[in-house]
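Peer 1: Below you'll find the structure I mean.
The values are calculated or read from the model by the stated rules, or taken from the named source; none is laboratory data. All of these numbers come straight from a predicted model, not from anything done at the bench. Please note: Cβ atoms are built from the backbone with ideal geometry, for glycine as well, and neighbour counts cover all protein chains shown. For the accessible areas, the whole protein counts, side chains as well, though only heavy atoms, and no ligand, DNA or RNA atoms are used. Shrake-Rupley method; radii C 1.70, N 1.55, O 1.52, S 1.80 Å.
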Amino acid sequence: MNANSVERYNPRDKEPHWQKIWDERATFVTKNDDPRERYYVLEMFPYPSGRIHMGHVRNYAMGDVLARYQRALGKNVLHPMGWDAFGLPAENAAKQSNVHPRDWTYQNIDTMRAQLKSMGLSLDWSREFATCDVDYYAQQQKLFLDFLAADLVARKKSKVNWDPVDETVLANEQVIDGRGWRSGALVEQRELNQWAFKISDYAEELLEAIDGLTDWPEKVRTMQRNWIGKSEGMRVLFEIAPNDLTDDETLEIFTTRPDTLYGASFMALSPDHPLTAKLMADNDALAAFVAECRRQGTSTEVIEKADKRGVATGIHVKHPLIKDATLPVYVANFVLMDYGTGAIFGCPGHDQRDLDFARTYDLNVTPVVLPEGEDPETFAILDTAYTGPGTLFNSGPLDGMSIEDAKAQVATTLESRSIDGQPQGTRQTNYRLRDWGVSRQRYWGCPIPIIHCDTCGIVPVPAAQLPVELPEEVSFAKPGNPLDHHPTWKHVDCPDCGRPALRETDTMDTFVDSSWYFARFTAPQASTPTIPDVANAWLPVDQYIGGVEHAILHLLYSRFFARAMQKTGHLEVTEPFKGMFTQGMVTHETYKSADGDWLNPTEVHFTQSDNTRTAKTADGDPVTIGSGEKMSKSKKNVVDPDDIVQTYGADTARWFMLSDSPPERDVEWTEAGIEGAARFTQRVWKLVAESAAIIATHPDNPGENDAETIDALKAIHRATDQIGKEIDGLRFNRAVAQIYELTNALQRYLAHASKAPDMARLATLRTGVEYLVQLIAPMMPHLAETCWAELGKSGLVCDAPWPVADPAYLADDTVTLPVQVNGKKRGEITVAKEADKADIEQQALSLDVVARMLEGKAPKKLIVVPNRIVNVVI
Ligand code: ANZ
Ligand code: ZN
């Protein structure tokens with residue numbers, strides 16, 4: 001065989017070729033009535049920002065490996081793709097470049113669809129939709145109305161961050177230092193009537209069901225639990241000491257630490273507490289403080305970061321357990337109105353916020369929980385509150401109790417007392433999870449199908465008038481909501497009484513769109529949101545893959561939606577995603593010019609001398625190489641998937657994304673890495689093409705299985721066995737490592753078989769390369785199809801059943817022995833269990849390290865302990 005006779009594999013020809021064939025044959029179109037076992041694999045659908053990025057490539061490559069593997073196992077695989085297409089960027093583009101949000105969005109979708117297609121993903125494109133398609137949001141409006149009828153939706157006054165210049169509601173993340181991120185205007189807190197989904201009704205259920213999500217990453221389950229934030233505590237009524245400032249006689253607080261009551265040194269009200277409002281009327285300092293708090297915003301980050309500050313109200317309450325003791329009442333910026341009762345007692349010894357506050361206002365700090373091993377006489381709180389376990393002290397009758405016993409004791413005492421006919425203490429479970437406000441004052445979203453009539457109140461849009469479509473012509477010239485400004489759109493007749501009425505001009509949070517798309521994929525053209533039987537047959541999604549940034553809200557909202565859709569008869573599954581996987585990020589070195597500007601990798605040139613890599617600009621100016629960071633436009637450390645596909649081909653890009661690190665970890669994109677992957681595609685191609693040529697020679701000497709052949713068979717079957725398991729467990733990098741090994745083994749075997757080809761050897765060689773091609777097919781599908789054809793196989797490799805490992809070759813009859821030189825481990829050898837001593841000695845001595853250390857001399861001593869160790873003494 002002349003190695004040079006094999007032409008280089010050219011992905012630029014082959015990849016579009018196979019993509020066209022898959023397309024023409026509708027290879028990846030999935031039928032709902034296919035009787036085989038089903039498998040649903042889904043990657044989080046992209047926002048059509050304009051171009052795909054390497055994070056997408058990694059995400060979709062992983063999903064595609066699973067989809068192709070499950071297909072090869074004979075399953076009916078659903079692997080769809082769509083677009084999370086509503087949202088603010090389209091409106092911003094409209095404002096900046098005077099393009100219609102719809103045109104901007106659909107153009108981006110066209111670009112990105114072509115990019116995804118160039119990756120050769122086994123997607124069922126016939127099920128594609130965008131959430132901004134009227135067909136999709138029409139069904140979403142039906143869901144909204146069904147949820148409304150089923151008491152899953154509430155109209156609520158809620159506080160929002162209002163940007164007075166842009167006339168829009170801002171998310172907490174869009175408020176930066178109290179100002180709108182876009183306008184820079186001081187943000188106000190406003191109460192708006194908002195539509196909200198009653199997710200908090202499901203708090204306990206959503207929490208409990210997390211236990212059953214055993215195929216989810218533990219960290220995601222923890223994040224969900226924390227977000228739901230269950231805490232068991234008490235409401236406690238404090239008696240207000242007589243005063244001239246208010247007639248209120250009691251103040252109710254929520255605490256999770258009634259055990260620390262003896263360490264209480266103050267009370268605090270939320271700036272939005274009703275009592276605060278009353279007191280403000282005659283207290284200018286308090287009124288000014290409250291106004292400032294409102295400007296600060298309500299996000300937890302803001303509140304956590306801000307200094308803990310407050311204003312004394314002049315009121316005192318009586319301590320419920322200590323006779324004649326009173327506590328001063330403050331209004332404090334860190335107490336939220338929408339949690340518990342909007343009022344707290346402060347125990348600075350055991351709560352950091354309370355401690356910070358107490359230090360500022362010179363309040364008592366009395367520790368009441370003593371950590372084990374501390375001396376009660378000397379234990380003191382300095383600037384860190386103690387929140388750990390311990391024994392009660394400084395607490396009268398509670399002294400010596402555990403925290404749990406003290407909690408129970410205080411609860412029992414307070415429950416048995418009453419103030420004004422009410423128990424002084426009531427046990428209560430609280431959840432941090434709030435109802436999900438979905439109203440947005442935006443154009444590019446799903447219209448909320450409601451009409452407001454002065455006479456009839458809130459009127460759902462009747463089914464016959466659905467969908468409520470977004471108006472075509474829209475102006476972004478004025479600040480505020482374009483739907484509200486539209487001259488005609490909102491003016492309609494009331495469906496009930498026929499009088500002039502107004503449409504709801506709010507559109508839905510885009511998180512609504514992504515909360516049920518996985519169900520819609522099961523019947524994307526249906527005239528109802530789902531076809532329940534079809535959806536039930538496909539759901540839950542067997543494996544969902546996406547970024548950890550969606551591990552909280554998107555997953556929680558989808559879990560709520562599954563329940564709400566169940567309640568309204570659209571589904572019968574409770575949990576939407578059986579398996580969840582969060583992949584790591586793609587990182588890249590960063591480059592900075594001498595002027596401190598970020599540089600794109602394409603602007604940097606490298607020279608390598610010895611072990612140092614030097615970077616320069618095209619003009620030869622020095623460049624500083626920074627550490628690997630998440631690819632981001634702001635740091636310019638991005639690599640465009642299009643360029644990579646153009647230069648190396650999709651298979652190479654996919655292979656590299658899968659090969660370098662475990663999928664849950666970050667992967668560093670390097671030029672060397674992608675080059676290595678490209679070389680590997682050529683190696684596989686050459687191995688297969690050379691094997692195909694020699695197999696085609698059909699020798700008539702039958703031959704028999706020699707030792708090399710048996711070794712090759714073992715390598716083939718073991719790799720087959722392992723690779724399936726690794727893919728199944730989403731350990732793609734380990735599957736890749738096995739493929740490298742198998743390729744090496746087959747390369748050696750090809751050399752062996754070509755020296756003296758006979759029927760036995762060529763049959764093994766054929767099995768080896770055929771299996772190899774099938775094993776790489778999920779990762780490098782185009783190369784695999786090309787190789788499959790080269791081997792003369794009929795049909796497509798993507799339609800071929802997954803190879804089965806022959807158990808006869810799986811039994812382990814080799815051992816791996818550590819090889820020591822002068823007592824220090826230098827390497828390993830793998831030998832047959834019954835290998836003789838001479839064989840083992842010879843292998844040990846031919847190890848690279850050992851040979852180098854021997855410098856051609858014979859060892860002083862060579863000790864072989866069979867099945868244990870080899871020791872070389874020099
Ligand atoms: C007294 C106390 C003593 C507290 C102590 C903590 C430690 P979780 O666990 O998150 O539910 N709190 C109650 N309502 C609040 C509100 N509206 N805004 C801000 N903080 C509030 O937190 C419950 C604890 O957070 C409660 O228990 C209360 O402070 C505070 F050593 O009561 B604790
Ligand atoms: Zn009416």
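Peer 1: Measure nothing fancy, just the Cα-based angle from helix 11-24's long axis to the longest principal axis of the chain, in degrees from 0 to 90, nearest 10.
Peer 2: 70
Peer 1: From largest accessible area down, sort Thr647, Thr522; use a 1.4 Å probe on the protein chains.
Peer 2: Working: Thr647 85, Thr522 0 Å².
Sorted descending by solvent-accessible area, the residues read Thr647, Thr522.
Peer 1: Okay, next question. Quick check: Cα centre of segment 15-50 to Cα centre of segment 76-117, how many Å?
Peer 2: After rounding, the separation between the Cα centres reads 19 Å.
Peer 1: Among Pro460, Asn364, Ala564, flag the residue with its Cα farthest along the positive direction of the charge dipole of the chain, charges on Cβ as +1 for Lys/Arg and -1 for Asp/Glu.
Peer 2: Towards the positive end, the residue furthest out is Ala564.
Peer 1: Treat every Asp and Glu Cβ in the chain as -1 and every Lys and Arg Cβ as +1, leave all other atoms uncharged, and give the resulting dipole magnitude about the Cα centre to the nearest 20 debye.
Peer 2: Numbers: 91 positive and 125 negative charges, 334 e Å.
So the dipole magnitude of the chain works out to roughly 1600 debye.
Peer 1: Could you check what % of the DSSP bridge pairs in segment 448-600 are antiparallel, to the nearest 5?
Peer 2: Working: 11 of 17 bridges.
The answer is about 65 percent antiparallel.
Peer 1: With every protein chain left in place, what is the accessible area of Thr366 in Å² (1.4 Å probe, nearest 10)?
Peer 2: Result for Thr366: roughly 50 Å² accessible.
Peer 1: For Lys824, which lysines qualify as cross-link partners when the Cα separation must be under 29 Å and same-chain residues fewer than eight apart are set aside?
Peer 2: Straight-distance partners of Lys824: Lys833, Lys837, Lys857, Lys860, Lys861.
Peer 1: Need the full-extension length gain, Asp34 to Leu186, defined as separation in residues times 0.36 nm minus the C-alpha distance. One decimal, nm. Don't skip to the end; give the middle numbers.
Peer 2: Values: separation 152, 0.36 × 152 = 54.72 nm, distance 5.85 nm.
Computed gain between Asp34 and Leu186 is 48.9 nm.
Peer 1: Counting only protein heavy atoms and using a 1.4 Å probe, what share of the accessible area of segment 821-874 belongs to carbon plus sulfur, as a whole percent? Before the final figure, lay out each step's value.
Peer 2: Working: 1820 of 3690 Å².
So the carbon and sulfur contribution to the accessible surface is 49 percent.
Peer 1: Follow-up. Mind ranking Arg113, Arg127 by accessible surface for me, highest first, 1.4 Å probe? Display every interim value, and only then the final one.
Peer 2: Working: Arg113 55, Arg127 10 Å².
So, going from the largest accessible area down, we get Arg113, Arg127.
Peer 1: In the chain, what % of DSSP beta bridges are antiparallel (nearest 5)? All intermediate terms of the calculation are to be shown ahead of the outcome.
Peer 2: On the way: 87 of 109 bridges.
Percent antiparallel among DSSP bridges in the chain is about 80.
Peer 1: Return the calculated 222 nm mean residue ellipticity for the chain, to the nearest 500 deg cm²/dmol, obtained by summing -39500 (n - 2.57) across DSSP H runs with n ≥ 4 and dividing by the residue count. Intermediate results must be reported in sequence, preceding the final value.
Peer 2: Numbers: 26 runs with 311 residues, N = 874.
Helix contribution divided over all residues of the chain: -11000 deg cm²/dmol.
Peer 1: Heavy atoms only, probe 1.4 angstrom, no DNA, RNA or ligands counted: give me Cys347, Cys497 ranked by accessible area, highest first.
Peer 2: On the way: Cys347 5, Cys497 50 Å².
The ordering from most to least exposed comes out as Cys497, Cys347.
Peer 1: Can you list residues from other chains, or at least 5 along the same chain, whose modelled amide H is less than 5 Å from the amide H of Thr250?
Peer 2: HN-HN under 5 Å from Thr250: Ile240.
Peer 1: For Thr429, what accessible surface area do you get with a 1.4 Å probe? Give it in Å², rounded to 10.
Peer 2: 60
Peer 1: Still on this model: What accessible surface, in Å², does a 1.4 Å probe find on Glu629, ignoring ligands, DNA and RNA and rounding to the nearest 10?
Peer 2: Approximately 60 Å² for this residue.
Peer 1: List the aspartates and glutamates whose Cα lies under 17 Å from the Cα of Lys159, skipping any in the same chain that are fewer than 8 positions away.
Peer 2: Cross-link targets: Glu167, Glu173, Glu188, Glu191, Asp272, Glu292, Glu301, Asp338, Asp435, Asp506, Asp509.
Peer 1: In this model, which of Lys219/Lys630; Lys686/Lys793; Lys95/Lys633; Lys14/Lys686; Lys278/Lys407; Lys592/Lys630 are farther than 24 Å apart at the alpha-carbon?
Peer 2: Lys278/Lys407
Peer 1: Continuing with this model, one more query. If you fit an axis through the alpha-carbon atoms of helix 54-72 and take the longest principal axis of the Cα set of the chain, what angle between them do you get, 0 to 90°, nearest 10?
Peer 2: 60
Peer 1: Which whole-percent values make up P(r) of segment 617-738 when all C-alpha to C-alpha distances are grouped in 5 Å steps starting at zero?
Peer 2: 2, 8, 11, 15, 17, 13, 10, 8, 6, 4, 3, 2, 1, 0
Peer 1: Over the chain, how many percent of alpha carbon pairs lie in each 10 Å bin up to the one with the longest distance?
Peer 2: 2, 10, 15, 18, 17, 15, 11, 7, 3, 1, 0, 0
Peer 1: Mind jotting down the three principal axis lengths of segment 411-496 based on Cα atoms? Whole angstrom, largest first.
Peer 2: Sorted from largest, the Cα extents of segment 411-496 read 66, 32, 22 Å.
Peer 1: Amide H of Gly579 versus every other amide H placed in the peptide plane: which residues, excluding those fewer than 5 positions away on the same chain, fall under 5 Å?
Peer 2: Gln543, Tyr544
Peer 1: Whole angstrom only: what separates the Cα centroid of segment 449-493 from the Cα centroid of segment 765-830?
Peer 2: Each part reduced to its Cα centre gives a spacing of 62 Å.
Peer 1: Same structure, new question: Using Cα pairs closer than 8 Å and at least 6 residues apart in sequence, work out the relative contact order for the chain, in percent. Walk me through the numbers before you get to the answer.
Peer 2: Details: 1579 pairs, mean separation 115.1, N = 874.
Contact order relative to length: 13 percent.
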